[in-house]
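The values are calculated or read from the model by the stated rules, or taken from the named source; none is laboratory data. No experiment lies behind these values; they were computed from the predicted model shown. Reconstructed Cβ throughout: ideal geometry from the backbone, glycine too, with neighbour counts over all protein chains shown.
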Amino acid sequence: MNLLGTWIAAGLTIAILSFLYRDNPLYKFAEHLFVGVSAGYWVIYIWAFDVKPMLIDEFVRQAGFEKWLLIVPAVFGVMMLMRWIPRTAWISRWPISFTVGIAAGLALTAQVQGYIIPQIQATLLPLVSVGNTTAETIGRSFNNILIFVGVVCALLFFYFSREHKGALKVGSKIGVIFLMIGFGASFGYTVMARLSLLIGRLTFLLQVFGFR
Amino acid sequence: MKVLDWLANIDRRLIFLAIGLAVAIPIIMKLRMPIRISSEVRSAYETIENLPEGSVVLASIDYDATSAPELTPMFRSFLRQCFRKKLKIIYTGHLAIGLPLAQFDLDMVTAECGAVYGEDYINLGYRPGYTAVMIGIGREIRDFFAVDYKGVPVDSFPMMKDIHNYGDMALIVDFAHGTAGEYWIQYVVSRFGVRMFSCVTGVMAPTLYPYLQAGQITGIIGGLQGAAEYEMLVGNPESAAFGMPAQSIAHLLIIAFIVFGNIGYFISRRKK
Amino acid sequence: MKRDIPIIITFLTGFLCVVAFFIPHPPLGDLQQRFLIWYAIVYGFTMVLGLDSLLKYNIKKITQRKEGWQYSYVLLFGLALVLVTGFQSWFKYGTPFELRSSFMYSYIHIIVPLQATMFALLAFFISSAAYRAFRARTFEATLLLVAAAIVMLGRVPIGKMIWSEIPVISDWLLNIPQLAAKRGIQIGVYLGGVVMSLRIILGIERTYLT
């Protein structure tokens, strides 16, 4: 049974890879199968990890007021599915507004506390940082200055409320240098990630065909 | 000159073939290369090493098959290190389609290390809601995970007896290929003061350096290289370490292609 | 009814989450926790919303014999297969997530290879794109190119074999200029995020209602 599964997996892998030559029926078959099985998988997952344990099982387990309160999210869930019918689609706005409100409320504080404040704090570094040796002092201070200047100038580049002239132009030009290095580094890492996936798939295929 | 012209206009499929071979040949030949350990991976490794025996670590599986070659070796190494240190693991995640994938690794490593379900580790499965679940656990984990992934009440497991929220956890380790990695830091680390390090794909890794410098996380294990370094530190080189020669040669080839492309560009510009 | 009530719901829930952040004690903390549980439940329903349009689109494609209609049968077959194996495993093992179950069998031998290979294709396209588009046309483009090359070499063992300083330069690039650039971008993004959250809570931003 496992051997059959391995060959199915190998066949599907080759079917997807065949797209490299050109679009073909084998690829289309695998692509459509992927969409279908993924959708089915989501249904099972939502039932097993959401509706059943959090709604049905909880409804059975709880007693009194707590039990009946669970009707609210259940109704909200059903209201959400009203989107399937055009005439009743507006009903889904209630649960949507509930989820949007929660997400916005949580994000508001999390982004300030979890990103903006600690990241600004970490940028406000001593521009002269004394180390054990002169070289260390120069190195640390240079890096601190670069971080400070880089963050400020990158922010200036995205400041579009005034025309980029004079000091703002100089700042944004410096910002571009940092941004380009940043994008380059991200690209380098992205190439690495994509190749890793290929390494994973080819390792699997080579194992199936006995090359490894 | 003809050679330069050809190099500047290589057919797309030839590039595909070259990349395929650059990856396949080192795998077939079982090449090996020395792995250099970076400070961000060592720091992540030491975070676990410094935890006292019996500490609880929450592992969040926020990746799926699209990034498994990078994150699977990290997760296996993490499990081996934790079980060797006799730490307790809570396994959960926010990417439904990836959870069973890591479950196979969990079953494999727990069998190898002799870890006991419910005593040394527990699999809580998935709940939708991302940030809401993350923040909710900060108050009481049972409000979201009253049962484990098979529907067994969590209170029936000995290891869950005294675990209620992040106050009872020593560390969070997130295995992510998307924004969930950042959500954990922003919504949980800052709010509840729990320690964390991130195991992420190469695509995500650059995004996390600001968090590391700000001290919000204690380490980054990024991409296949990070996974290989972690495997070396844990002392169990596997797929990541063995994949690095293929990665190296493919990188060299891509850089060569970029150089060829630029040579062609400058030649055509001079001709104009 | 159609617009005002949703705006009031958004305001109340958003405002509660902000206030409960500062006063996490009962009754506000309890109420927020209850809302978070409800959120998780409702969020699950949103994830199956796409199923309707997927089914409608493919059934329509089959009935109208549109181009490639045969593949829609494959899609529906895949969907049915996973649903059948999922519920069959549930009845047999009490959970679909038993590793021996047919549901997990279809997961590991169908979903995983398809998903992983779909993304592995990108390795080829990113290489081809780098070859065609990565040109040192300007100073900025050259910077990008050089930074990418250094990181690509510095993050693999061969970089150190070529020159021992390449990984050191790569680490420095990632830890200093790259970090500064990312932080500059992200501070801007999150300031925008905070403003957007405020606009949503206060009912100024209403696009989610359309």
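Check A:105, A:77 and return the single one that is surrounded by 16 or more Cβ atoms within 10 Å (Cβ to Cβ), modelled with pLDDT of 95 or more and of a type outside the set (Lys, Arg).
Working: A:77 fails: modelled with pLDDT of 95 or more.
Checking each option against the conditions leaves just A:105.
Of the residues that sit in the range C:26-35 and are out of contact with any Asp or Glu (no Cβ under 8 Å at 6 or more places or on another chain) and modelled with pLDDT of 90 or more, which one is surrounded by the fewest Cβ atoms within 10 Å (Cβ to Cβ)?
Within the range C:26-35, the subset out of contact with any Asp or Glu (no Cβ under 8 Å at 6 or more places or on another chain) is C:26-32, C:34-35.
Then keep just the ones that are modelled with pLDDT of 90 or more; that gives C:27-32, C:34-35.
Numbers: C:27: 9, C:28: 16, C:29: 15, C:30: 13, C:31: 15, C:32: 27, C:34: 16, C:35: 23.
Per the stated criteria, the residue is C:27.
Looking only at the range A:31-53, count every residue that is more than 25 Å from the chain's Cα centre (by Cα) and touching a residue at least 12 places away in the same chain (Cβ under 8 Å) and tell me the total.
Within the range A:31-53, the first condition is being more than 25 Å from the chain's Cα centre (by Cα), and the residues that meet it are A:52-53.
Still in the list and also touching a residue at least 12 places away in the same chain (Cβ under 8 Å): none.
Number satisfying all stated conditions: 0.
Any chance the range B:245-262 includes a residue that's under 24 Å from residue B:41 (Cβ atoms) and either more than 9 Å from every other protein chain (Cβ to nearest Cβ) or of a type in the set (Phe, Trp, Tyr) (or both)?
The answer is no; no qualifying residue exists.
Out of all the residues in the range B:212-230, which are part of a helix (DSSP H, G or I), buried (at least 24 other Cβ atoms within 10 Å of the Cβ) and at the interface with chain A (Cβ under 8 Å from one of its Cβ atoms)?
B:223, B:224, B:225, listed by residue number.
Any residue in the range A:87-95 that is over 21 Å from residue C:31 (Cβ atoms), in contact with a Pro (Cβ under 7 Å, 6 or more places away or on another chain) and basic (Lys, Arg)?
Step one: list which residues in the range A:87-95 are over 21 Å from residue C:31 (Cβ atoms), which gives A:87-93.
With in contact with a Pro (Cβ under 7 Å, 6 or more places away or on another chain) added as a condition, the list becomes A:93.
Remaining after also requiring basic (Lys, Arg): A:93.
Within the range A:87-95, one or more residues are over 21 Å from residue C:31 (Cβ atoms), in contact with a Pro (Cβ under 7 Å, 6 or more places away or on another chain) and basic (Lys, Arg).
Looking only at helices (runs of 4 or more DSSP H) that fall completely inside the range A:74-158, which ones have 3 or more residues that are farther than 30 Å from residue C:198 by Cβ? Write out each step before concluding.
Values: elements: A:93-111, A:117-123, A:134-157.
Once the helices (runs of 4 or more DSSP H) in the range A:74-158 are filtered for at least 3 residues that are farther than 30 Å from residue C:198 by Cβ, what remains is A:134-157.
Given the criterion surrounded by fewer than 24 Cβ atoms within 10 Å (Cβ to Cβ) and closer than 17 Å to residue C:39 by Cβ, identify the matching residue among B:148, B:143.
On the way: B:148 fails: closer than 17 Å to residue C:39 by Cβ.
That would be B:143, the only listed residue that is surrounded by fewer than 24 Cβ atoms within 10 Å (Cβ to Cβ) and closer than 17 Å to residue C:39 by Cβ.
Hey, residue B:208 hits all of (1) part of a helix (DSSP H, G or I); (2) at the interface with chain A (Cβ under 10 Å from one of its Cβ atoms); (3) more than 20 Å from residue B:84 (Cβ to Cβ); (4) not aromatic (Phe, Trp, Tyr) but one; which does it fall short on?
So residue B:208 meets the others, but not (2).
Please go through the range B:145-182 and give me each residue that is of a type in the set (Ser, Thr, Tyr) and at the interface with another protein chain (Cβ under 8 Å from one of its Cβ atoms), ordered by number.
Here is the first cut: in the range B:145-182, the residues of a type in the set (Ser, Thr, Tyr) are B:149, B:156, B:166, B:179.
B:149 - this is the single residue of the range B:145-182 that is of a type in the set (Ser, Thr, Tyr) and at the interface with another protein chain (Cβ under 8 Å from one of its Cβ atoms).
Take the residues in the range C:36-74 that are charged (D, E, K, R) and farther than 15 Å from residue A:38 by Cα, then tell me which one is surrounded by the most Cβ atoms within 10 Å (Cβ to Cβ). First the steps, then the outcome.
Our first condition is that a residue be charged (D, E, K, R); within the range C:36-74, this holds for C:52, C:56, C:60-61, C:65-67.
Subsequent filtering for residues that are farther than 15 Å from residue A:38 by Cα retains C:56, C:60-61, C:65-67.
Details: C:56: 11, C:60: 12, C:61: 18, C:65: 8, C:66: 12, C:67: 7.
Once the filter is applied, the top-ranked residue is C:61.
Examine the range A:81-93 for a residue that is modelled with pLDDT of 95 or more and under 14 Å from residue C:207 (Cα atoms), and state whether such a residue exists. Lay out the reasoning, then the answer.
Of the range A:81-93, the ones modelled with pLDDT of 95 or more are none.
No; the residues of the range A:81-93 include none that is modelled with pLDDT of 95 or more and under 14 Å from residue C:207 (Cα atoms).
Quick one: how many residues across the range A:158-212 are within 8 Å of chain C (Cβ to nearest Cβ) and of a type in the set (Val, Ile, Thr)?
Residues flagged as within 8 Å of chain C (Cβ to nearest Cβ) and of a type in the set (Val, Ile, Thr) within the range A:158-212 amount to 5.
Please specify each residue of the range C:75-87 satisfying the condition of being surrounded by fewer than 17 Cβ atoms within 10 Å (Cβ to Cβ) and either over 16 Å from residue A:42 (Cα atoms) or within 8 Å of chain A (Cβ to nearest Cβ) (or both). I'd like the intermediate steps shown before the answer.
Taking the range C:75-87 first, the residues surrounded by fewer than 17 Cβ atoms within 10 Å (Cβ to Cβ) are C:77, C:80, C:84, C:87.
C:77, C:80, C:87 - these are the residues of the range C:75-87 that are surrounded by fewer than 17 Cβ atoms within 10 Å (Cβ to Cβ) and either over 16 Å from residue A:42 (Cα atoms) or within 8 Å of chain A (Cβ to nearest Cβ) (or both).
Could you list, in sequence order, all residues of the range B:185-212 that are under 14 Å from the mean Cα position of the chain (by Cα) and farther than 18 Å from residue C:187 by Cβ?
Within the range B:185-212, B:196, B:197, B:198, B:199, B:200, B:201, B:202, B:203, B:204, B:205 qualify.
Take residue B:23 and tell me if it is more than 14 Å from chain A (Cβ to nearest Cβ), closer than 24 Å to residue B:228 by Cβ and at pLDDT 90 or above. Walk me through it before giving the result.
Numbers: more than 14 Å from chain A (Cβ to nearest Cβ): no; closer than 24 Å to residue B:228 by Cβ: yes; at pLDDT 90 or above: yes.
For residue B:23, the condition - more than 14 Å from chain A (Cβ to nearest Cβ), closer than 24 Å to residue B:228 by Cβ and at pLDDT 90 or above - is not met.
When you look at residue A:128, is it touching a helix residue (DSSP H, G or I) at 6+ places or on another chain (Cβ under 7 Å), farther than 20 Å from residue C:182 by Cβ and surrounded by fewer than 18 Cβ atoms within 10 Å (Cβ to Cβ), yes or no? Break it down stepwise before answering.
Values: touching a helix residue (DSSP H, G or I) at 6+ places or on another chain (Cβ under 7 Å): yes; farther than 20 Å from residue C:182 by Cβ: yes; surrounded by fewer than 18 Cβ atoms within 10 Å (Cβ to Cβ): yes.
Against the criterion (touching a helix residue (DSSP H, G or I) at 6+ places or on another chain (Cβ under 7 Å), farther than 20 Å from residue C:182 by Cβ and surrounded by fewer than 18 Cβ atoms within 10 Å (Cβ to Cβ)), residue A:128 qualifies.
Would you point out the residue of the range B:167-201, among those that are without any contact (Cβ under 8 Å) to a residue 40 or more places away in the chain and assigned to a helix (DSSP H, G or I), that is surrounded by the fewest Cβ atoms within 10 Å (Cβ to Cβ)?
So, considering only residues that are without any contact (Cβ under 8 Å) to a residue 40 or more places away in the chain and assigned to a helix (DSSP H, G or I), the one surrounded by the fewest Cβ atoms within 10 Å (Cβ to Cβ) is B:167.
In the range A:1-57, what residues are part of a helix (DSSP H, G or I), more than 7 Å from every other protein chain (Cβ to nearest Cβ) and among the aliphatic types (A, V, I, L, M)?
A:3, A:4, A:10, A:14, A:15, A:26, A:56
For the range B:26-50, which residues satisfy the criterion of being of a type in the set (Ser, Thr, Tyr), assigned to a helix (DSSP H, G or I) and within 10 Å of chain C (Cβ to nearest Cβ)? Before the answer, list the steps.
Narrowing the range B:26-50 to residues of a type in the set (Ser, Thr, Tyr): B:38-39, B:43, B:45, B:47.
Narrowing further to those that are assigned to a helix (DSSP H, G or I): B:39, B:43, B:45, B:47.
Answer for the range B:26-50, where residues must be of a type in the set (Ser, Thr, Tyr), assigned to a helix (DSSP H, G or I) and within 10 Å of chain C (Cβ to nearest Cβ): just B:39.
Here's a check for you: in the range A:114-157, which residue that is among the β-branched types (Val, Ile, Thr) and more than 9 Å from chain C (Cβ to nearest Cβ) is nearest to residue A:180 (Cα to Cα)? Give the steps one after another, and end with the answer.
Residues of the range A:114-157 among the β-branched types (Val, Ile, Thr): A:116-117, A:120, A:123, A:128, A:130, A:133-134, A:137-138, A:145, A:147, A:149, A:151-152.
From the residues that got through so far, the ones that are more than 9 Å from chain C (Cβ to nearest Cβ) too are A:117, A:128, A:130, A:133-134, A:137-138, A:145.
Values: A:117: 25, A:128: 26, A:130: 30, A:133: 32, A:134: 31, A:137: 27, A:138: 25, A:145: 18 Å.
Result: A:145.
One residue is enough: does the range B:118-126 have a residue meeting the conditions within 11 Å of chain A (Cβ to nearest Cβ) and among the aromatic types (Phe, Trp, Tyr)?
To start, the set of residues in the range B:118-126 that are within 11 Å of chain A (Cβ to nearest Cβ) comprises B:124-126.
From what's left, among the aromatic types (Phe, Trp, Tyr): B:126.
Yes.
When only residues in the range B:57-114 that are among the hydroxyl-bearing types (Ser, Thr, Tyr), out of contact with any His (no Cβ under 7 Å at 6 or more places or on another chain) and in a helix (DSSP H, G or I) count, which is farthest from residue C:113 (Cα to Cα)? Please lay out each step first, then the result.
Going through the range B:57-114, the residues among the hydroxyl-bearing types (Ser, Thr, Tyr) turn out to be B:60, B:63, B:66-67, B:72, B:77, B:91-92, B:110.
Narrowing the set further to residues that are out of contact with any His (no Cβ under 7 Å at 6 or more places or on another chain) leaves B:72, B:77, B:91-92, B:110.
With the extra rule that they be in a helix (DSSP H, G or I), the set shrinks to B:72, B:77, B:110.
Details: B:72: 14, B:77: 23, B:110: 24 Å.
My answer is B:110.
Can you work out which of the residues in the range C:45-70 that are within 8 Å of another protein chain (Cβ to nearest Cβ) and not in a helix (DSSP H, G or I) is modelled with the lowest pLDDT? First the steps, then the outcome.
The initial filter retains those residues of the range C:45-70 that are within 8 Å of another protein chain (Cβ to nearest Cβ), namely C:45-52, C:54, C:68.
Still in the list and also not in a helix (DSSP H, G or I): C:48, C:68.
On the way: C:48: 80, C:68: 90.
Taking the candidates together, the pick is C:48.
Filter the range C:165-188 down to residues that are within 9 Å of chain A (Cβ to nearest Cβ) and not small (Gly, Ala, Ser), then give me how many there are. Explain how you work it out, then say what you get.
Taking the range C:165-188 first, the residues within 9 Å of chain A (Cβ to nearest Cβ) are C:170, C:172-188.
Of the ones still in play, those that are also not small (Gly, Ala, Ser) are C:172-179, C:182-183, C:185-187.
Selection size over the range C:165-188: 13.
Looking at B:257, B:266 in this structure, which one is modelled with pLDDT under 95 and either touching a Phe, Trp or Tyr at 6+ places or on another chain (Cβ under 6 Å) or part of a strand (DSSP E or B) (or both)?
Values: B:266 fails: either touching a Phe, Trp or Tyr at 6+ places or on another chain (Cβ under 6 Å) or part of a strand (DSSP E or B) (or both).
Just one listed residue meets the conditions, B:257.
Hey, among the residues in the range A:80-89 that are closer than 14 Å to residue C:47 by Cα and not basic (Lys, Arg), which one's surrounded by the most Cβ atoms within 10 Å (Cβ to Cβ)?
Here is the first cut: in the range A:80-89, the residues closer than 14 Å to residue C:47 by Cα are A:80-84.
Next, only the ones that are not basic (Lys, Arg) stay: A:80-82, A:84.
Values: A:80: 25, A:81: 18, A:82: 17, A:84: 16.
Residue satisfying both the conditions and the ranking: A:80.
On the given criteria, is residue C:106 assigned to a helix (DSSP H, G or I) and either farther than 28 Å from residue B:124 by Cβ or hydrophobic (A, V, I, L, M, F, W, C) (or both)? Please lay out each step first, then the result.
On the way: assigned to a helix (DSSP H, G or I): yes; either farther than 28 Å from residue B:124 by Cβ or hydrophobic (A, V, I, L, M, F, W, C) (or both): no.
No, not satisfied.
Conditions tested, residue by residue: (1) outside any helix (DSSP H, G or I); (2) among the hydroxyl-bearing types (Ser, Thr, Tyr); (3) more than 28 Å from residue B:95 (Cα to Cα); (4) within 7 Å of chain A (Cβ to nearest Cβ).
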site: C:10; (1), (2), (3), (4): no, yes, no, yes
site: C:16; (1), (2), (3), (4): no, no, no, yes
site: C:21; (1), (2), (3), (4): no, no, no, yes
site: C:29; (1), (2), (3), (4): no, no, no, no
site: C:33; (1), (2), (3), (4): no, no, no, no
site: C:38; (1), (2), (3), (4): no, no, no, yes
site: C:43; (1), (2), (3), (4): no, yes, no, yes
